[in-house]
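The values are calculated or read from the model by the stated rules, or taken from the named source; none is laboratory data. These figures come from a predicted structure and were not determined experimentally. Here Cβ is always computed from backbone atoms with ideal geometry, including for glycine, and neighbour counts include all displayed protein chains. Quick note on the areas: whole protein, heavy atoms, side chains included, nothing else; ligands and nucleic acids left out. Shrake-Rupley method; radii C 1.70, N 1.55, O 1.52, S 1.80 Å.
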Amino acid sequence: LERTFSIIKPDATRRNLTGKIVAKFEDAGLRVVASKRIQMTLAQAQAFYGVHSERPFFGELCEFMISEPVVVQVLEGEGAIAKNREVMGATNPSDAAAGTIRAEFAESVGENSVHGSDAPETAAEEIAFFFSGLELVG
Ligand code: GTP
Ligand code: MG
């Protein structure tokens with residue numbers, strides 16, 4: 001089974017939406033095989049979003065991600081990477097399909113409630129960035 005990495009972002013944890021978001025994952029057939037609530041440091045956020053370091057919103061994005069706790073998770077299932085991105089919906093909530101997490105919960109293109117890995121290589125990197133092998137319980 002494939003694994004992907006997810007973050008429930010500060011706009012969602014602040015509004016007590018963690019359970020509702022996890023329910024969407026589970027309803028889609030994704031199993032939570034690791035989960036923890038953390039508050040990222042600025043250095044961690046900058047490293048995690050390193051691929052976006054030249055984008056104009058990089059500073060804003062990192063400040064947002066450290067503003068409050070987040071819930072980092074590993075989700076497992078058949079086609080987990082694509083399935084998770086389908087459940088999340090488009091980056092900008094105004095483009096997100098009805099019923100998706102971002103359509104229902106996201107506040108803006110920046111404060112969009114969830115992150116999900118976009119490919120097998122990034123999923124493996126992102127999982128290893130936040131979790132040790134011992135924390136993954138299939
Ligand atoms: P992730 O799952 O978070 O990677 O989202 P994504 O793959 O749908 O979007 P992308 O990788 O293009 O951008 C990463 C994150 O940067 C987004 O989820 C947003 O939180 C943020 N972001 C993207 N575009 C903008 C923008 O125009 N303004 C701001 N403030 N943030 C943005
Ligand atoms: Mg992305």
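Strands (runs of 3 or more DSSP E) fully within the range 21-128 that include at least 1 residues being open to solvent by 30 Å² or more (accessible area, probe 1.4 Å): 31-38. Would you pick out the residues in the range 76-128 that are away from ligand 2 (no atom under 14 Å from the Cβ) and in contact with a Phe, Trp or Tyr (Cβ under 6 Å, 6 or more places away or on another chain)? Result: ILE127, single match.
Residue-level analysis places SER132 among those that are hydroxyl-bearing (Ser, Thr, Tyr), surrounded by fewer than 18 Cβ atoms within 10 Å (Cβ to Cβ), out of contact with any Ser or Thr (no Cβ under 6 Å at 6 or more places or on another chain) and farther than 25 Å from ARG15 by Cβ.
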